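Take a look at the structure set out below.
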Amino acid sequence: MATNREKLLRVEDLVLHFRTTVGTVQAVDGINFDLDYNRAVVILGESGCGKSSLAKAILRLLPRNVGAYSGKVYLGGSDVMALSDEEFRQNVRWVGISMVPQAAMNSLNPVIRVGDQVAEPAIIHMGVKKDEALKLARQMFEHVGVPDDFLVRYPFELSGGMRQRAAIAMALVTAPNLIILDEPTSALDLLTQANIFNVLKRIKKELGTSFILITHDISTSSELADEVAVMYAGQIVETGEAKDFFPAPLHPYAQMLMASVPRLRSDQDPEFITGQPPSLINLPPSCRFAPRCPKRHDKCEQDPPIIEKDGRKVKCWLYA
Amino acid sequence: MIGGARRRTFIVELDFMSQKVSAQEKPRQDLMVVKNLVKYFPVRAGLLQRVVAWVQAVDDVSFTIRQGETLGLVGESGCGKTTIGRAILRLIEPTSGQIIFNGTDVATLRGKELKAMRRDMQIIFQDPYASLDPRMPIGESVMEGLNVHRVGTPAERFEIMIETLKKVGLEDYHARRYPHEFSGGQRQRIGIARALALRPKFIVCDEPVSALDVSIQSQVLNILKDLQQEFGLTYLFIAHNMSVVEHISDRVAVMYLGKMVELASREDLYRSPLHPYTRALMSAIPIPDPTLKRERIILKGDVPSPLNPPKGCRFHPRCPVAIDRCSQEEPPFREVQPDHLAACWLLE
């Protein structure tokens with residue numbers, strides 16, 4: 001297992017391309033980041049920037065039209081990319097990393113009791129007996145704040161918020177060190193969102209779980225995040241501590257994204273980013289944000305390197 | 001009666017697109033007065049599809065919308081926001097109540113008169129990906145309303161369509177293109193152009209930006225604001241994002257389970273909310289600042305079903321400050337401070 005010095009997750013040069021009839025979609029294109037135990041990183045970006053593909057690449061949940069898939073993913077120090085598909089399924093999925101997919105509340109099986117569904121990963125991946133697994137499920141329901149008489153109910157009897165909690169309970173039941181949450185609250189109402197985030201914060205404190213939170217909801221994500229990674233067109237353009245990032249993002253894209261968030265009790269009009277994100281097919285060799293960037297200059301014709309500045313990383317020539 | 005005369009006046013008015021309607025200086029009058037609006041949806045079941053229950057989507061709601069203002073309407077999903085928006089346009093038939101628009105009760109209009117009224121009241125839909133006909137060039141889509149109302153000659157309609165596209169920041173060559181060729185933000189602007197083509201007085205904006213990325217939301221909001229200035233439009237702006245509503249509204253109404261619980265000017269509502277539900281909503285608004293520590297009001301449980309809403313105040317089972325009276329009697333929706341309405345026994 002992990003030594004003290006080893007990070008929980010280290011992703012190096014992760015690439016995931018898809019083949020389509022019109023060309024190669026470079027959904028994840030050379031991603032590097034790491035995450036320590038009991039930390040939460042939020043991956044921010046607009047729709048279509050490759051956020052969800054990154055989650056799938058980490059968990060090796062690949063569709064059939066995969067083109068390139070390469071890079072290294074270290075979980076607790078061991079390279080999980082070297083594992084065979086079966087080893088990966090047995091040793092990594094659910095046990096090491098679990099995932100709450102997008103619209104998880106609608107991904108529960110409608111004809112199986114909620115409790116049985118939540119217990120299932122424990123039965124399959126931890127080899128426990130069914131009543132043992134149901135006991136675990138009951139504990140997890142407590143953690144996420146679902147009354148335990150809901151164990152024997154069917155998904156349609158639960159509200160959206162409760163189903164989302166059940167999906168989170170399912171991700172917790174195998175006690176993984178890392179949970180990937182793909183847009184966990186986007187379909188939920190404001191008050192339910194706040195409740196779910198309180199649940200996640202409590203889980204992080206009580207169980208020491210780490211989170212990768214994938215979202216476009218900047219305001220809500222700041223509740224949980226310790227670190228931030230901003231994605232644009234398949235690449236990470238900025239990473240840093242949440243406390244540094246939110247008040248003063250460095251990358252022009254991140255700055256404009258933050259400026260477009262409407263804020264309460266502010267007389268300032270939110271801004272918007274002109275143009276639209278590039279198609280992930282046939283990306284130019286220049287900086288991918290350059291066509292929309294107000295601060296572009298000659299150097300932006302070349303792909304910018306990742307530049308370290310006060311412990312933060314930013315992929316922009318302005319800081320070179 | 002209306003057809004011919006209206007058509008002629010419209011041609012005279014064709015020029016008005018270039019004129020700016022000056023912002024209302026005089027005290028704002030009520031453009032729309034909604035009195036005791038009720039909409040129940042029947043729930044049918046069984047072999048004979050008998051009505052077994054009623055969903056009380058909107059239950060006895062009264063409010064006014066003033067000339068030239070934006071009234072924000074917020075609340076959780078299923079609280080009846082969209083039902084109100086559609087009922088006041090008569091897109092769904094209200095069960096009972098009055099909807100007085102410009103002095104006429106829309107709720108009882110029929111036939112030609114209703115059709116004429118519809119020219120003045122338009123709607124922008126939530127999902128720009130689903131609300132445009134994928135097989136119709138967007139110019140046709142924008143012209144559809146003009147054709148239905150037989151505005152001017154075909155050439156004039158075309159002219160108005162091009163003009164309207166330009167108003168929302170699109171170009172004339174876009175008219176021949178199909179919806180799939182546009183981005184989400186552009187599609188929503190086409191949706192706005194559709195609503196604007198007839199030069200209405202009043203537009204219901206039903207979650208117009210919630211399907212858009214945050215980076216382009218404010219672009220659409222700015223267009224809505226500019227058009228309001230230019231054409232003296234009145235908006236009912238339905239949304240669940242409290243920050244967006246604060247940004248665009250003059251007054252804001254809060255709904256809970258088919259009832260309006262609070263209605264006040266934007267400043268009053270956001271600075272000093274009175275109803276316990278509004279307070280809980282306000283405390284849940286996310287702020288992108290991780291260093292900020294706030295006290296949150298956490299409500300227990302979920303919104304009850306509108307099939308069988310709680311007795312008394314509908315919010316009382318989740319209310320952190322409920323008293324005995326709340327479970328017995330329904331609090332009236334009344335003015336508790338000047339221009340600040342709320343329905344709560346604690347404010348009596």
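The values are calculated or read from the model by the stated rules, or taken from the named source; none is laboratory data. Keep in mind it's a predicted model, so treat the numbers as computed, not measured. Positions of Cβ are backbone-derived with ideal geometry, glycine not excepted, and every protein chain shown enters the neighbour counts. To get the accessible areas, we keep the full protein, side chains included, count just its heavy atoms, and leave off ligands, DNA and RNA. Shrake-Rupley method; radii C 1.70, N 1.55, O 1.52, S 1.80 Å.
Structure notes:
- Residue within the range A:53-62 that is aliphatic (A, V, I, L, M), modelled with pLDDT of 90 or more, assigned to a loop (DSSP other than H, G, I, E, B) and open to solvent by 60 Å² or more (accessible area, probe 1.4 Å) present: yes
- Subset of the range A:297-320 [in a loop (DSSP other than H, G, I, E, B) and not aliphatic (A, V, I, L, M)]: A:His297, A:Gln302, A:Asp303, A:Pro304, A:Pro305, A:Asp310, A:Gly311, A:Lys315, A:Cys316
- All of (1) of a type in the set (S, T, N, Q); (2) open to solvent by less than 20 Å² (accessible area, probe 1.4 Å); (3) within 11 Å of chain A (Cβ to nearest Cβ) hold for B:Thr278 with one exception: (3).
- Condition check for A:Ser266: among the small types (Gly, Ala, Ser), without any contact (Cβ under 8 Å) to a residue 24 or more places away in the chain and within 26 Å of A:Val15 (Cα to Cα): no
- Among the residues making up the range A:121-160, those that are in contact (Cβ under 8 Å) with a residue 40 or more places away in the chain and either in a helix (DSSP H, G or I) or within 22 Å of A:Gln90 (Cα to Cα) (or both) are A:Pro121, A:Ala122, A:His125, A:Met126, A:Ala133, A:His143, A:Val144, A:Pro155, A:Phe156, A:Gly160.
- Test: residue in the range B:51-70 that is within 14 Å of chain A (Cβ to nearest Cβ), basic (Lys, Arg) and open to solvent by less than 70 Å² (accessible area, probe 1.4 Å): no
- Yes/no for B:Arg150 being in contact (Cβ under 8 Å) with a residue 60 or more places away in the chain, assigned to a loop (DSSP other than H, G, I, E, B) and closer than 24 Å to B:Leu73 by Cβ: no
- Selection status of B:Asp213, more than 10 Å from chain A (Cβ to nearest Cβ) and among the acidic types (Asp, Glu): no
- Among (1) open to solvent by 20 Å² or more (accessible area, probe 1.4 Å); (2) in contact with a strand residue (DSSP E or B) (Cβ under 9 Å, 6 or more places away or on another chain); (3) at positive phi, the one test that A:His216 misses: (3)
- Filter result (closer than 25 Å to B:Asp302 by Cβ and part of a helix (DSSP H, G or I)) within the range B:244-261: B:Val244, B:Val245
Yes or no, residue by residue, for (1) open to solvent by less than 20 Å² (accessible area, probe 1.4 Å); (2) within 11 Å of another protein chain (Cβ to nearest Cβ); (3) touching a residue at least 24 places away in the same chain (Cβ under 8 Å); (4) charged (D, E, K, R):
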{"site": "A:His251", "(1), (2), (3), (4)": "yes, no, yes, no"}
{"site": "A:Asn282", "(1), (2), (3), (4)": "no, no, yes, no"}
{"site": "A:Cys293", "(1), (2), (3), (4)": "yes, no, yes, no"}
{"site": "A:His297", "(1), (2), (3), (4)": "no, no, no, no"}
{"site": "A:Cys316", "(1), (2), (3), (4)": "yes, no, yes, no"}
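- Taken over the range A:253-277, the criterion of being within 19 Å of A:Arg288 (Cβ to Cβ), assigned to a loop (DSSP other than H, G, I, E, B) and more than 7 Å from chain B (Cβ to nearest Cβ) is satisfied by A:Thr274, A:Gly275, A:Pro277.
- For the range A:193-211, the count of residues that are more than 14 Å from chain B (Cβ to nearest Cβ) and of a type in the set (D, E, K, R) is nonzero.
- Taken over the range B:180-190, residues that are closer than 13 Å to B:Lys167 by Cβ and open to solvent by 10 Å² or more (accessible area, probe 1.4 Å) amount to 1.
- Residue within the range B:200-212 that is over 21 Å from B:Ile84 (Cα atoms), open to solvent by 20 Å² or more (accessible area, probe 1.4 Å), among the hydroxyl-bearing types (Ser, Thr, Tyr) and modelled with pLDDT under 95 present: no
- Subset of the range B:257-301 (residues that are among the aromatic types (Phe, Trp, Tyr) and either touching an Asp or Glu at 6+ places or on another chain (Cβ under 6 Å) or free of Cβ contacts under 8 Å to residues at least 40 places away in the same chain (or both)): B:Tyr270
To keep it simple, each residue is scored yes or no on (1) within 30 Å of A:Ser107 (Cα to Cα); (2) of a type in the set (Ser, Thr, Tyr); (3) open to solvent by 30 Å² or more (accessible area, probe 1.4 Å).
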residue	(1), (2), (3)
A:Asn177	yes, no, yes
A:Thr185	yes, yes, no
A:Ile212	yes, no, no
A:Phe246	no, no, no
A:Ala254	no, no, no
A:Ser266	no, yes, yes
A:Pro277	yes, no, yes
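- Pair list, Cβ < 6 Å and 6+ apart or interchain, from the range A:54-81 residues that are farther than 21 Å from A:Leu213 by Cα to residues that are among the polar types (S, T, N, Q): A:Gly67/A:Thr24
- Enumeration of residues in the range A:210-229 that are in a loop (DSSP other than H, G, I, E, B) and closer than 18 Å to A:Ser47 by Cβ: A:His216, A:Asp217
- Listed conditions (1) in a loop (DSSP other than H, G, I, E, B); (2) within 14 Å of another protein chain (Cβ to nearest Cβ); (3) in contact with an Asp or Glu (Cβ under 7 Å, 6 or more places away or on another chain) are all met by A:Cys49, apart from (3).
- Matching residues in the range B:107-142 - criterion: being among the acidic types (Asp, Glu) and open to solvent by 80 Å² or more (accessible area, probe 1.4 Å): B:Glu113, B:Glu140
- Single residue of B:Ala284, B:Ala239, B:Ala264, B:Ala280 found to be modelled with pLDDT of 95 or more and within 23 Å of the chain's Cα centre (by Cα): B:Ala264
- Looking only at the range A:140-157, and only at residues there that are within 25 Å of the chain's Cα centre (by Cα) and either within 12 Å of chain B (Cβ to nearest Cβ) or over 19 Å from A:Ser107 (Cα atoms) (or both), the one that is surrounded by the fewest Cβ atoms within 10 Å (Cβ to Cβ): A:Glu142
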